[in-house]
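Report on the following structure.
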C-alpha cells in the first residue's frame, strides 16, 4: 500500500528543488557564471519565450529548440557536437553511440547542463536508452569547462573509435558576450560557426575509450547529489531503496 505521508513529503520536496534549481534560460538566471559573465539572479521560466523557429533556422537547430523548449547557447553547443560526432564516426547515432558529458561539479546545473538536451536532439543518444550521461572527472575537466566524449559502438557492444570535444577560445569569447536580452542571438551566432572553430576536436585514445564506457547501472556523482537532497527532507535514515518500496511504481 502507498505510504501517503511519505509520497506527500516527496512532492513537497520535489517542488522545492524545482524552484531552486529549475532549468533557467541558458546563460541567464541563478547568478550562473558563463565564460566570465554572470547572469541575472532572476531564475525561473516566467521570462522565457517558447522557441519559435526563424526562417533561417536549420532543421537540426529547430529540433534542438523544440526539444529544449527555447533556444539558448548551451543547447546549441550540444546539438553541434552531436551532429558533428555522428558524421565523423560515420554512424546514424541512436543505439550505435555512447555519449558522456564530463561536467565540472560546480557546473552540474543549468545553464551548463542544457548541453545534454542538445546532445540528445542531434545524436539520438537518450536518457531512455541509457547511452548518454553526465559525470564529473576532475582530470578531464581541469580547464573548468565541459568535455564531451562520443564513442562509436559495434553491434557486439565493443567500441572502435571515439571523438573528444573541448571548448575553443572562439566559443568561450562568444559565450562571454551572452546577456539576458541576447540569448537567442548568441545561440544563432554559435550555430553559424563550423564546429572546428568552436571546439578543439580530436580522436580518443585507447585509454579514453576504456574510461568512458557507460556504467550499466547508470550511477553517477549526480545521482548521489539527488540522494543528499532526499536525505535533507526525510532525515539521515532515509534510503532510496527503502522509500521505493512504498511507492506505487516500485
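The values are calculated or read from the model by the stated rules, or taken from the named source; none is laboratory data. It should be emphasised that the depicted structure is a prediction, and the values quoted were computed from it without experimental measurement. As a convention, Cβ positions derive from the backbone with ideal geometry for all residues, glycine included, and neighbour counts pool all protein chains shown.
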Index of the failed condition, residue 183 passing every other in (1) surrounded by 17 or more Cβ atoms within 10 Å (Cβ to Cβ); (2) at pLDDT 95 or above: (2)
Can you find a residue in region 94-105 that is more than 21 Å from residue 138 (Cβ to Cβ), surrounded by 22 or more Cβ atoms within 10 Å (Cβ to Cβ) and touching a helix residue (DSSP H, G or I) at 6+ places or on another chain (Cβ under 9 Å)? yes
Would you confirm whether or not region 103-124 contains a residue that is closer than 29 Å to residue 156 by Cβ, over 13 Å from the mean Cα position of the chain (by Cα) and not in a helix (DSSP H, G or I)? yes
If I filter region 174-192 down to residues being touching a residue at least 24 places away in the same chain (Cβ under 8 Å) and in a loop (DSSP other than H, G, I, E, B), which single residue comes out as farthest from residue 70 (Cα to Cα)? 177
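Tell me which residues, restricted to region 29-64, are within 26 Å of residue 104 (Cβ to Cβ) and modelled with pLDDT of 50 or more.
Listed by number, the residues that qualify are 48, 64.
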Qualifying positions in region 148-173 - in contact (Cβ under 8 Å) with a residue 40 or more places away in the chain, surrounded by fewer than 20 Cβ atoms within 10 Å (Cβ to Cβ) and either closer than 21 Å to residue 106 by Cα or within 19 Å of the chain's Cα centre (by Cα) (or both): 172, 173
Going through 128, 144 one at a time, which residue ends up being outside any helix (DSSP H, G or I) and either in contact (Cβ under 8 Å) with a residue 12 or more places away in the chain or buried (at least 17 other Cβ atoms within 10 Å of the Cβ) (or both)? 144
Check region 70-87 and report whether any residue there is closer than 23 Å to residue 198 by Cα, surrounded by fewer than 20 Cβ atoms within 10 Å (Cβ to Cβ) and modelled with pLDDT of 90 or more. yes
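Please pick out the residue among 17, 10, 67 that is surrounded by 16 or more Cβ atoms within 10 Å (Cβ to Cβ), part of a helix (DSSP H, G or I) and at pLDDT below 95.
None of the others qualify; the one that does is 10.
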